[in-house]
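The values are calculated or read from the model by the stated rules, or taken from the named source; none is laboratory data. Keep in mind that this is a model prediction, so the values were computed, not measured. For accessibility, only protein heavy atoms count, side chains too; no ligands or nucleic acids. Shrake-Rupley method; radii C 1.70, N 1.55, O 1.52, S 1.80 Å.
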Amino acid sequence: MKDFSLIKIIGYLKRYMCQLSTQGVYAAFLLYNAWSSKSTPSWAKNIIVGALAYFLSPIDGIPDLTPFIGMTDDIGLMSFSLVTIACYIDNEVRAKAYRQLLILMNNKVDIEAVQEVDSWLLE
């Protein structure tokens with residue numbers, strides 16, 4: 001699955017930034033960094049591929065244009081995927097995702113939203 005690249009994910013996030021919450025962007029970065037980690041097993045990478053493929057899918061793009069509710073299915077699927085593979089999201093994956101989030105959002109990050117996503121992983 002070399003079709004996933006950070007550049008493609010960032011391009012998508014920039015297009016839909018006004019609709020995505022900080023939680024959705026951070027969740028996408030967490031998934032990508034867990035996928036690229038050597039310590040993540042193949043079954044977990046398959047879950048990540050499915051979640052990111054759905055997130056980036058042009059077929060899902062039409063419902064995503066609906067303000068406020070269009071991205072809820074994407075964020076729901078990403079949060080489910082994160083919880084499923086939580087034991088493979090270590091501090092290194094979190095740190096990379098947070099740095100990418102800071103860069104994308106020009107250092108204007110809602111820290112409470114990041115902490116909420118991290119709390120999904122600890123429950």
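Each residue was assigned an accessible area with a 1.4 Å probe, and for Arg99 the value is about 130 Å². Cross-link partners for Lys8 among the lysines, with Cα-Cα distance under 20 Å and sequence neighbours closer than 8 places in the same chain left out: Lys45, Lys96.
Remark: segment 77-123 projects, on average over all directions, an area of 3.3 nm² (convex hull of Cα atoms).
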